[in-house]
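We did not get these values from a lab; they are worked out from the coordinates using the rules stated. Computed from a prediction, not measured in an experiment: that's the story for all the values here.
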């Protein structure tokens, strides 16, 4: 027999899929829904958590639970930067800081080295879509990127700035639960897995010229990696 939280989630899901509750519409308060389904508030919250994890409902702090608009999917292309999606708006905030801890290790620089951090938050309409923190040694960072800017102007300056040619891009990909800050920033459930990508790019001298930490919610992202075999490798496989 299905639990009460699953029965409630099934009913709300059916109302959303049939359009009885429309995208962007706010659900009744949790107290009202708990009374309607004659359950405790924790049971009702557990039912909503199922819908939040599926990406059907988002909880906006201080405002309530809303039916989400269909989420645009984004494809991360391994070995390079994620292509710009014209349907997404990307805001970029630039900060000057000093290398510390994990970031210093990724960039292979001494603690205290000057860096530029680019906090990139993409939006689909008004909903946060993905998050990236890009760290670059300050001597390689574009000098004319505004402190705060939006796609495409600010991102174009960042992405097209001349840098040493890349010789190696190393990417570590894992699925994990979001941190509390990530869940709040992206407005996702703390139970929704995210695709976490750590990308480190080095030039022909071996110097790391960029470290990027990307967080892509699992309900809207996929990663594609393509391996090109050389002629020597193909002969060896025969």
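Observations on the model:
- Contour minus Cα-Cα distance for residue 40 and residue 167 (0.36 nm per residue): 39.9 nm
- Length-normalised contact order for the range 1-71 - Cα pairs under 8 Å, 6+ apart - percent: 37
- Cα coordinate range in the range 4-67, projected on the principal axes (Å, largest first): 26, 26, 20
- Extents of the range 5-143, largest first, come to 61, 32, 25 Å (Cα atoms, principal axes, whole angstrom).
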